[in-house]
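Visitor: Take a look at the following structure, please.
The values are calculated or read from the model by the stated rules, or taken from the named source; none is laboratory data. It should be emphasised that the depicted structure is a prediction, and the values quoted were computed from it without experimental measurement. We place every Cβ from the backbone using ideal geometry, glycine too, and count neighbours over all the protein chains shown. Accessible surface is based on the protein model in full, side chains and every heavy atom, while ligands, DNA and RNA are left aside. Shrake-Rupley method; radii C 1.70, N 1.55, O 1.52, S 1.80 Å.
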Amino acid sequence: MIAGNQYGIKGYPNFNSPEALIEDLKDTGFNMVSGATNHSMDLGKDALISSAQLWKKQSNILFSGLYDSQEDRQTIRVIEKNGIRFSFLSYTFGVNEATKRQYRNQLQTYPYILGQLDKEQIKEDVEKAKEQSDVIIVACHWGKEDVSQISDLQKEYAQYFADLGVDVVIGNHPHQIQPIEKINHTLVIYSLGNFLSTMKDVYNQLEGMVCFDFVKKEDEISIENIQYVPLVNHYNDNVVTIYSLKEYTSTLASQHSILKDQADIIKEFKNYVKQMISNDDIDIEM
């Protein structure tokens, strides 16, 4: 959540990150950012709208999931790359219960400010997106925290997105990696785990990056060359950074605040990735 420096920098349980992070993300190379999470209402309606407006000022980056008006909510985020037009949609299962109690009336009065898992709204969004783009990518905040198993809600909405003809679903929220599958022609990445964090469970440190190509032949677009790159979130008192699992060493593991006490953790992680990402169409780089 980046609501603006006027709200102060805040940590758990109600977050706000500094505005400078926006430029950092852009400089790093991100061009799509999803804002719909269980923390979207941490500071209330005005802060959420402030965040939406901060992101709207950015050029060459799509921000979806938080909206400052009904008109904004109805505007599909579209970007064109190499002759292919991409739509980007963003949804969350809801917001945290404590937040929901505090700001319940705000979200009920202004439901359009946050992309939520509502089938009727999702169908409307996808139909609009199809009119404007060749490919539809959905970021979905779903699933149970610190759980690698796919929940019933994830299965239900993955099938729903597939039935609507969404091309890619990228899941987040569980803080652990989860399987990848194709439903019809829809690529569903249930959870990539964390990226940068200082969470404390062993399997919070194992995460994934997915690479693939959109290939356009005549009027057909396909997803090809799917590659899964396992990552390790490495941190201690002096550093928080990312390594590929392929390059991670036992020496680094011995310096990790969490992994230093885990015997054979690299081998354990590699076996776990093979177990979790068992799709023959996916090349695992490790």
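Visitor: If a residue must be aliphatic (A, V, I, L, M) and touching a helix residue (DSSP H, G or I) at 6+ places or on another chain (Cβ under 7 Å), how many such residues does region 21-51 contain?
Guide: First, the residues of region 21-51 that are aliphatic (A, V, I, L, M): 21-22, 25, 32-33, 36, 41, 43, 47-49.
Of the ones still in play, those that are also touching a helix residue (DSSP H, G or I) at 6+ places or on another chain (Cβ under 7 Å) are 22, 33, 41, 43, 47-49.
Residues that pass the stated criteria total 7.
Visitor: Could you list, ordered by first residue, the pairs with Cβ atoms under 9 Å in which the first is in region 210-238 and over 17 Å from Glu80 (Cα atoms) and of a type in the set (D, E, K, R) and the second is outside any strand (DSSP E or B) and open to solvent by 20 Å² or more (accessible area, probe 1.4 Å), at least 6 apart or interchain?
Guide: Cβ pairs passing all conditions: Asp237/Ser257.
Visitor: Among the residues of region 140-167, what is the count of those that are open to solvent by less than 40 Å² (accessible area, probe 1.4 Å) and either within 21 Å of Leu66 (Cβ to Cβ) or touching a residue at least 60 places away in the same chain (Cβ under 8 Å) (or both)?
Guide: So the answer is 8.
Visitor: Among all residue pairs at least 6 apart or on different chains, which show Cβ distances below 7 Å where the first residue, located in region 72-85, is of a type in the set (D, E, K, R) and the second is open to solvent by 30 Å² or more (accessible area, probe 1.4 Å) and part of a loop (DSSP other than H, G, I, E, B)?
Guide: That search, which allows pairs on different chains as well, returns Arg85/Asp134.
Visitor: Go over the candidates Ile150, Ile122, Ile137 one by one and state the one that is at pLDDT 95 or above, within 26 Å of Asn96 (Cβ to Cβ) and assigned to a loop (DSSP other than H, G, I, E, B).
Guide: Ile150
Conditions (1) in contact (Cβ under 8 Å) with a residue 12 or more places away in the chain; (2) under 24 Å from Gln154 (Cβ atoms); (3) loosely packed, with under 15 Cβ neighbours inside 10 Å; (4) within 21 Å of the chain's Cα centre (by Cα), marked per residue:
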{"residue": "Gln106", "(1), (2), (3), (4)": "yes, no, no, no"}
{"residue": "Tyr110", "(1), (2), (3), (4)": "yes, no, no, no"}
{"residue": "Val126", "(1), (2), (3), (4)": "yes, yes, no, yes"}
{"residue": "Glu131", "(1), (2), (3), (4)": "no, no, yes, no"}
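Visitor: When region 168-195 is examined, which residues are found to be open to solvent by 10 Å² or more (accessible area, probe 1.4 Å), closer than 20 Å to Thr92 by Cβ and not in a strand (DSSP E or B)?
Guide: Quick first cut of region 168-195, residues open to solvent by 10 Å² or more (accessible area, probe 1.4 Å) only: 170, 172-173, 175-176, 179-185, 192-195.
So of that shortlist, the ones also closer than 20 Å to Thr92 by Cβ come out as 170, 172-173, 175-176, 192-195.
Scanning region 168-195 gives His173, His175, Gln176, Gly193, Asn194, Phe195.
Visitor: Another question, if that's okay. Can you say whether Ala158 is part of a helix (DSSP H, G or I) and not hydroxyl-bearing (Ser, Thr, Tyr), as far as the supplied structure shows?
Guide: yes
Visitor: Determine whether region 273-282 contains at least one residue that is without any contact (Cβ under 8 Å) to a residue 60 or more places away in the chain and open to solvent by less than 60 Å² (accessible area, probe 1.4 Å).
Guide: Checked against the condition, which is being without any contact (Cβ under 8 Å) to a residue 60 or more places away in the chain and open to solvent by less than 60 Å² (accessible area, probe 1.4 Å), region 273-282 yields no hits at all.
Visitor: Within region 73-105, how many residues are within 22 Å of Lys144 (Cα to Cα) and of a type in the set (A, V, I, L, M)?
Guide: Total satisfying the criteria: 3.
Visitor: Check Ile265 against each of (1) surrounded by fewer than 17 Cβ atoms within 10 Å (Cβ to Cβ); (2) over 28 Å from Tyr157 (Cα atoms) and name the one condition it does not meet.
Guide: Evaluating Ile265 over (1) surrounded by fewer than 17 Cβ atoms within 10 Å (Cβ to Cβ); (2) over 28 Å from Tyr157 (Cα atoms) leaves (1) as the failure.
Visitor: Let me ask something else. Looking at region 50-71, which of the residues that are of a type in the set (Ser, Thr, Tyr) and without any contact (Cβ under 8 Å) to a residue 60 or more places away in the chain is nearest to Glu218 (Cα to Cα)?
Guide: Going through the qualifying residues, I end up with Ser59.
Visitor: Any chance region 8-31 includes a residue that's among the aliphatic types (A, V, I, L, M), modelled with pLDDT of 95 or more and within 24 Å of Gln154 (Cβ to Cβ)?
Guide: no
Visitor: Out of curiosity, is Glu247 under 21 Å from Leu187 (Cβ atoms) and either out of contact with any strand residue (DSSP E or B) (no Cβ under 8 Å at 6 or more places or on another chain) or without any contact (Cβ under 8 Å) to a residue 24 or more places away in the chain (or both)?
Guide: Working: under 21 Å from Leu187 (Cβ atoms): no; either out of contact with any strand residue (DSSP E or B) (no Cβ under 8 Å at 6 or more places or on another chain) or without any contact (Cβ under 8 Å) to a residue 24 or more places away in the chain (or both): yes.
No; evaluated as a whole, the condition is false for this residue.
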